[in-house]
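Q: Just dropping this structure here.
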Amino acid sequence: MTSAEHPDATTAGKPADGAVVARGREAVVLDAGPGLVRRRYLDGRDTTTEVALHRHVAAHGYPVPALHEQEPGGMVMERVDGPTLLEAYVAGTLDADAVAAVLADLHARLHALPPPLGTAGGDRVLHLDLHPANVLLGADGPVVVDWASGRTGDPALDLGHTAIVLAEATVAGVDGAAGDVAAVAVTRPHLRALLVAFLAAVAERDPLARLDDVVARRLRDGMPPDTVQAGARLLRDLASGAVDAAPGTVA
């Protein structure tokens, strides 16, 4: 008899799992019925802080899936059908400049939101994982998912995080442990082109102003040190003009 047929103490009371919709490094997204998905963290973490931030940005009109219910170790939310921004880029639906423009706009809109009450002066809402695989292109436009890392702080940290994620993928390829994104056939020259376009799109906001802090955070989060440092070097070299910014070359 399976656990589904005879629930034990670890499964009793939990909602039945639906088909897997998507997989990430830290969570799996499951079908939860018509128009809904269940995001379930592999470590069963408390999602109170994430849910509160998700609801805050939604209340101020930021494009996120409608959140229906918080659950132990996860949440139930609106299902958004459509490709990720990364998938649209690989498919040729959008070029590097168009993808960069979407990312830059989503950052600008997020950092313009009023922060939650009690936020330190000058701090804004941050996503801290706003890369092309965390943006879905729904029927009504881009929708930002995966708010697990979200908090308040300096917007330069948010911009720098997007930049270093793209830089790390450029120098080392997409991490095989990153879930479904690892299966997207994106080349390193394509990633470099996107990185260069993103840095240009947000240049006036000084995306590398907090690069040292971004690197330190990536290392604390357990990302491979060699990859993080190589990504940071590429960013500094691009900023200084020490390497060619042409998309056809890879550092």
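Q: Mind checking which residues of region 197-240 are touching a helix residue (DSSP H, G or I) at 6+ places or on another chain (Cβ under 7 Å) and assigned to a loop (DSSP other than H, G, I, E, B)?
A: Within region 197-240, V202, D206, P207, L208, A209, R210 meet the criteria.
Q: Being of a type in the set (A, V, I, L, M) and in contact with a Gly (Cβ under 9 Å, 6 or more places away or on another chain) is the filter here; which residues of region 120-147 pass it? It would help to see each step written out before you state the result.
A: Initially, region 120-147 is screened for residues of a type in the set (A, V, I, L, M), giving 120, 125-126, 128, 130, 133, 135-137, 139, 143-145.
Correct list: A120, V125, L126, L128, A133, L136, L137, A139, V143.
Q: The conditions are (1) over 27 Å from L211 (Cα atoms); (2) in the same structural domain as T170 (by TED's automatic domain parsing); (3) buried (at least 19 other Cβ atoms within 10 Å of the Cβ), and R40 fails exactly one of them. Which is it?
A: (2)
Q: Within region 137-152, which residues are closer than 19 Å to V51 by Cβ and outside any loop (DSSP other than H, G, I, E, B)?
A: Taking region 137-152 and keeping what is closer than 19 Å to V51 by Cβ, we get 143-152.
Hits for region 137-152 are V143, V144, R151, T152.
Q: Another question, then. State all residues of region 116-127 that are outside any strand (DSSP E or B) and either free of Cβ contacts under 8 Å to residues at least 24 places away in the same chain or surrounded by 20 or more Cβ atoms within 10 Å (Cβ to Cβ) (or both); if no residue qualifies, say none.
A: Quick first cut of region 116-127, residues outside any strand (DSSP E or B) only: 116-123, 127.
Within region 116-127, L117, G118, G121, H127 qualify.
Q: Out of curiosity, is A185 surrounded by 19 or more Cβ atoms within 10 Å (Cβ to Cβ) and either farther than 14 Å from L103 by Cα or modelled with pLDDT under 80 (or both)? Spell out the reasoning first.
A: Values: surrounded by 19 or more Cβ atoms within 10 Å (Cβ to Cβ): no; either farther than 14 Å from L103 by Cα or modelled with pLDDT under 80 (or both): yes.
Spelling it out, it is not the case that A185 is surrounded by 19 or more Cβ atoms within 10 Å (Cβ to Cβ) and either farther than 14 Å from L103 by Cα or modelled with pLDDT under 80 (or both).
Q: V196: among the hydrophobic types (A, V, I, L, M, F, W, C), modelled with pLDDT of 80 or more and over 18 Å from the mean Cα position of the chain (by Cα), yes or no? Walk me through it before giving the result.
A: Values: among the hydrophobic types (A, V, I, L, M, F, W, C): yes; modelled with pLDDT of 80 or more: yes; over 18 Å from the mean Cα position of the chain (by Cα): yes.
The answer is yes for V196.
The values are calculated or read from the model by the stated rules, or taken from the named source; none is laboratory data. Just so it is clear, the structure is predicted and the values come from calculations on it, not from any experiment. So basically every Cβ, Gly included, is an ideal-geometry build from the backbone, and we count neighbours across all protein chains shown.
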